[in-house]
Amino acid sequence: EGPTPVSAMIHAATMVSAGVYAVIRMFPLLTADWHGHELTTTMTIIAFIGAFTA
């Protein structure tokens with residue numbers, strides 16, 4: 001059985017909050033230019049893999 005509507009809404013709100021928190025915490029890493037394009041390329045590949053396997 002699936003979750004109740006209230007449970008599903010609470011879960012969705014929690015996941016959105018967790019995602020926003022994760023992006024805020026990773027912002028310095030996302031904007032850093034330590035390794036040039038290698039970091040950006042690696043993170044882009046990881047994002048695409050995550051998007052296509054979700």
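The values are calculated or read from the model by the stated rules, or taken from the named source; none is laboratory data. Keep in mind it's a predicted model, so treat the numbers as computed, not measured. Ideal geometry is used to build each Cβ from the backbone, glycine not excepted, and the neighbour counts take in all protein chains shown.
Before moving on, here are some points about what is shown:
- Residues of the range 13-53 satisfying the condition of being outside any helix (DSSP H, G or I) and loosely packed, with under 10 Cβ neighbours inside 10 Å: 33, 34, 36
- Figure legend. Inter-residue proximity from the range 1-29: first residues β-branched (Val, Ile, Thr), second residues at pLDDT below 85, beta-carbon distance below 8 Å, spacing 6+ or different chains. Indicated pairs: 23/30.
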